[in-house]
Amino acid sequence: MIGVSHCIIFDGQGVLNVHVAHGYRRRGIGSALGTELVRFGNGRGLGWLRAYFSKSDPIAASLARGLGMELNFGIDRFY
């Protein structure tokens, strides 16, 4: 498996998760998977899409920004 993504739907909101295997990163796979998740959420009329990740993960932050997400700070992670 090269990459996997999913969206958990709860109460009109979606929580996104994207993972790409180490040997396949920096090839646009994560962006493509994320774009499909956003399309999925928009098609379902979800009011919010969220992704949670560590503050020490600049790749996830870049992916989230590229998908049009606004970064908010929690105690030990972005969301």
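Here are the numbers:
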| item | result |
| --- | --- |
| DSSP beta bridges in segment 1-55 [antiparallel fraction, %, rounded to 5] | 65 |
| Summed residue charge, Cβ within 12 Å of Val20's Cβ, Lys/Arg positive, Asp/Glu negative | +3 |
| Net charge contributed by nearby residues that have their C-beta within less than 14 Å of Val4 (K/R +1, D/E -1) | 0 |
| Whole-Hz ³J(HN,Hα) from phi, Karplus 6.51 cos²θ - 1.76 cosθ + 1.60, for segment 28-37, glycine and proline x | x, 5, x, 4, 5, 5, x, 4, 5, 5 |
| Per-residue [θ]222 nm for the chain (sum of -39500 (n - 2.57) over DSSP H runs n ≥ 4, rounded to 500) | -9500 deg cm²/dmol |
| Approximate shape of the chain as ellipsoid semi-axes (Cα gyration tensor, √5λ), whole Å, largest first | 19, 17, 10 |
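Every number in this text was worked out from the coordinates using simple rules, so none of it is lab data. No experiment lies behind these values; they were computed from the predicted model shown. Glycine gets a Cβ as well: all are built from the backbone with ideal geometry, and neighbour counts include every protein chain shown.
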